[in-house]
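A quick write-up on the structure given underneath.
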Amino acid sequence: MMSAPAAAFADLPGAVMDDSGLQHVGNPLVEQRALAAGEAIAPLGDRAVLAVPGEDRLSWLDSLTSQALAGLAPGVSTELLVLDPQGHVEHAASVLDDGETTWLIVDRPDAEALLTWLRRMRFRLRVDPRDASDELRVIGGTAAALGKVHAAAPAGVALVWTDPWPDVSPGGHAYAAVDPHPGVQRDWAEALVTPDEERRLSAAAAAGELSLAGLVAADALRVAAWRPRWSADVDERALPHELDWLRTAVHLSKGCYRGQETVAKVHNLGHPPRRLVALQLDGSASVLPAPGAAVRVGEDVVGAVTSTALHFEDGPIALAVLRRSAPVDATLLVDTEDGPITAAQEVIVPPDAGATANVPRLTRLSRRASAK
């Protein structure tokens, strides 16, 4: 049976846990600042690890997913999407190969379904996917912070996945027209560690030798970087274009895979029907909307919130997916339990996103300026 997420940290002073892991250790805003500065690490109990050993692993994953993986070198970080025949996102994974095994870091609620699908697609190929979540745990932080962590290296390559976001990966395409992209400020990596190492980190934290941050802090930094995530921003209709995920998770000129026709058609001939936006929320009432909360222009519902966070510099922020036709200059209303709050939108995916669209680069507004 899979171990409880980040259970090794449950008894630390101030630890607040739930079914997904360590939420915080007393002050999420302070933890955010420390995490961003490389002064803390975050146990990521909401992630699971899948292992794909076997001689055919990379060419097999290449044939099934959106990413070009056949020539992936050991230690190089990337990510993949599994799409349905209509191009909708079904699964997502961070990818790292060590020369013998391909390691997939996935959102825990997606792990079982993705593993079941992978095992069903093996046919006679030399691959043997398995759940490795009891073998390896996930610790996040800046590259420098993870220097204090002893990453597993079963084949001699340290298993540290470095987030490629927001750089445009080979074969990718960026839709966000803002320069600089807010994601360039986020230094993020994830180390795979053994349970013994996880316990060592817990003991170091208990002794005051190591600072920890929780999932709340880690996710706030993600939201501020406009970084999409399967467990938060994907629904049954999501296309990678809508979330600017062509940037890092899709290779537009690789060979055939399920959903490729839709990816190419939307990118080359049309526009994604919905678009991701960043929201600066009215912070006067200190209310965060729930994921799924309606976003309106007047009385017209134009979309829904996908992720929310209270950021240590930006204040209350969110990501939302809106109809393509929603006006880019409209002041939005977001429904909450205490009534609607106003939100200023910052365009991530423009309405005319597509390879043939001449989308100018826009200087990014200063922090909170768009809400004034």
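The values are calculated or read from the model by the stated rules, or taken from the named source; none is laboratory data. Please read all numbers here as calculations on a predicted model, not as lab measurements. Quick reminder, even Gly has a Cβ in these numbers, built from the backbone with ideal geometry, and neighbours come from all protein chains shown. Each accessible area value is taken on the protein alone, full model and side chains, heavy atoms only, with ligands, DNA and RNA left out. Shrake-Rupley method; radii C 1.70, N 1.55, O 1.52, S 1.80 Å.
Key figures for this structure:
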quantity	calculated
Added length on full extension, which subtracts the Cα-Cα distance from 0.36 nm per residue, ALA290 to ALA113	61.2 nm
Dipole magnitude of segment 172-293, debye to nearest 20 (Cβ charges: Lys/Arg +1, Asp/Glu -1, about Cα centre)	440
FRET efficiency, 1/(1 + (r/R0)^6) with R0 56 Å, evaluated for ASP329 and GLU100 via beta carbons	0.60
Cα Rg over Rh - segment 126-167, Kirkwood	1.02
The chain, accessible area per residue, ligands and nucleic acids excluded (1.4 Å, Å²)	41
Exposure ranking of PHE9, PHE123 by accessible area [1.4 Å probe, largest first]	PHE123, PHE9
Listed residues HIS88, MET121, THR78: farthest to the positive end of the dipole of segment 37-125 (Cβ charges)	MET121
Calculated Rg and Dmax of segment 93-168 using C-alpha coordinates, Å	13.9, 42
Sparse-neighbour loop sites [GluC sites (Glu not before Pro); segment 1-64; at most 12 other C-beta within 10 Å; DSSP]	GLU55
Unit charges at the beta carbon, dipole of the chain: most positive-side option, THR101, TRP165, ALA218	TRP165
Mean separation of Cα contacts under 8 Å, 6 or more apart, over the residue count of segment 149-288: relative contact order %	31
Förster radius 25 Å - calculated FRET efficiency between ARG130 and ALA207 (Cβ-Cβ, nearest 0.05)	0.10
Antiparallel content of DSSP bridges confined to the chain, in %, to 5	95
Mean separation of Cα contacts under 8 Å, 6 or more apart, over the residue count of the chain: relative contact order %	19
Angstrom value of the Kirkwood radius, inverse mean 1/r, which spans all Cα pairs in segment 191-346	17.7
Kirkwood Rh, Cα atoms: Rg over Rh of segment 1-124	1.04
Computed magnitude of the charge dipole of the chain (debye, nearest 20; Cβ of K, R +1, Cβ of D, E -1)	820
Rounded to whole Å, sorted largest first: equivalent-ellipsoid semi-axes of segment 197-247, Cα gyration tensor	34, 11, 9
CD proxy at 222 nm, helix term only [per DSSP H run n ≥ 4: -39500 (n - 2.57); per residue of the chain; nearest 500]	-5000 deg cm²/dmol
Per DSSP, loop GluC sites (Glu not before Pro) in segment 235-265 with at most 15 further Cβ within 10 Å	GLU236
Directionally averaged shadow of segment 10-67, computed from the convex hull of its alpha-carbon atoms, nm²	6.6
Inter-part distance where segment 60-87 and segment 208-266 are each reduced to a Cα centre, Å	13
Positive-pole candidate from SER325, ALA152, THR194, dipole of the chain, charges at beta carbon	SER325
